[in-house]
Structure formats: C-alpha cells, structure tokens
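Below is one structure, written out as structure tokens; comments come after it.
The values are calculated or read from the model by the stated rules, or taken from the named source; none is laboratory data. Source: prediction; values computed, not measured. In this analysis, Cβ positions are derived from the backbone assuming ideal geometry, glycine residues included, and neighbour counts consider all displayed protein chains. Ligands, DNA and RNA are stripped out before the accessible areas are found, and what is left, the full protein with its side chains, is counted by its heavy atoms. Shrake-Rupley method; radii C 1.70, N 1.55, O 1.52, S 1.80 Å.
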Amino acid sequence: MKSKLLTVLSTFILFSSCELLPSLNTPPNSAEVLIIQPACVWLNSSQGNNCKIEYWLKFWYEIEDVSWPERKKHIEALSEQDADVLKKVLLSQGKSTPFQDRLRAQGWVESILPKLTSQMRRFILVALYYPSQDLLEMESALVTLSKINTQQSFKIEELQILLKKQQGQIDQLLNIEASIIQSIEEVR
C-alpha cells in the first residue's frame, strides 16, 4: 500500500513539475515580440522613390569599381529628384573623386537628409557624410601644407641665392684686403 501511494505521489509530483517548465511551442508574450519592419530609406515612401535599403546598398556596391570619368557621366545624366540626388551622392563616394566633386556631394547629402528616415539619416551620416568630410579636411590640409612647403622652398632658394651673392661680396672684400696688405708689404 505504501509503495502504491509512493508511486502515485511520485507520478503526481513529476507531472506537476512538468507543468512548471515553459513549453517550447508556446509563443512569447506580446511584450517579448520585437516587430522588425523593413528599413525604408525615405520618410515619405509614397513618393515613388525606391524605399528598400537593399536597392541602395546594391547600387553603391556595383559602382565601387567604376572609374571617375564614367561616374561623372552618370551624375550629369541624373535629375534633381530625391532618388537621383542620392544616386549622385553614392556615385561621388569613390576614392578617385576629385575634391570639388566630393565637396558638391556633401551639399547634396545635406539637401536630402531631412527627407530620409531617422535610421537612414544616421546611416548616411556615419557611412558617407562624416568619412567624406574627413577626407575633404585632410585633402584641404594637404593642399595647404603643400602650398606652405612650396613657399618655403622658394624662400630657401632665394636665401641661397642671397647667401651666394654675399659670399661673393665677402670674397671680393677679402681679395681687396689681401691686395692692400700685399701692397703695404711691398712698400716697406
């Protein structure tokens, strides 16, 4: 009798404890569910602009190896619509982009930032705008340093010419002094 009672009690405890464990098949609470919405590029997605970020990342990836003259032709063919301006910005991000064109692209970025979603705005700032701004500042600093270096080189050359001229004058004075001393010794 005791063994039957012990068996029934053990079975009851076992089934009770199984109820306490969370089921693997039960859906999580609504508070635990994260709603993942596809990231849209534009605030107003009804503009007909391509909303999917994948499209823009693919566009950016595909133009990476295109030469600057080719990208420049594409830029000139684009309109001033928001989607085309974003394409112009992406086309202007290559390593071979000249300073003036990269600077122009910064203005284009600033013009479309208010039209982008907050996530896309942050992405554009971090991935494009700030690095491009850093490159512009470094290029500007290099140009300034190059100009200073060139000016310093010209000044050094001028000083070397002046030094040679003064050395020639000193040599003439020394020759005059030597001839005076020699003529005095001859007179004695």
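Below are the figures for this structure:
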item	result
Whichever lysines have a C-alpha closer than 22 Å to that of Lys73, once near sequence neighbours (fewer than 8 apart) are set aside	Lys58, Lys87, Lys88, Lys95
Relative contact order (%) - criterion: Cα under 8 Å, at least six apart; region: the stretch 49-144	23 percent
Selected from Ile176, Leu162, Leu136, residue furthest toward positive end of dipole (the stretch 133-181; charges at beta carbon)	Ile176
Cα gyration tensor shape of the stretch 63-108, rounded if a/c is under 1.5, else prolate or oblate by comparing a/b with b/c	oblate
Surface share of carbon and sulfur [accessible, 1.4 angstrom probe, percent] for the stretch 49-144	58 percent
For Leu116, residues with placed amide H under 5 Å, excluding near neighbours	Leu43
Per residue accessible area of the stretch 49-144, 1.4 Å probe, in Å²	58 Å²
Cβ charges +1 (Lys, Arg) and -1 (Asp, Glu), total dipole of the stretch 49-144, debye	180 debye
Gain on full stretching of the segment that runs from Gln166 to Leu142 - 0.36 nm per residue minus C-alpha separation	5.1 nm
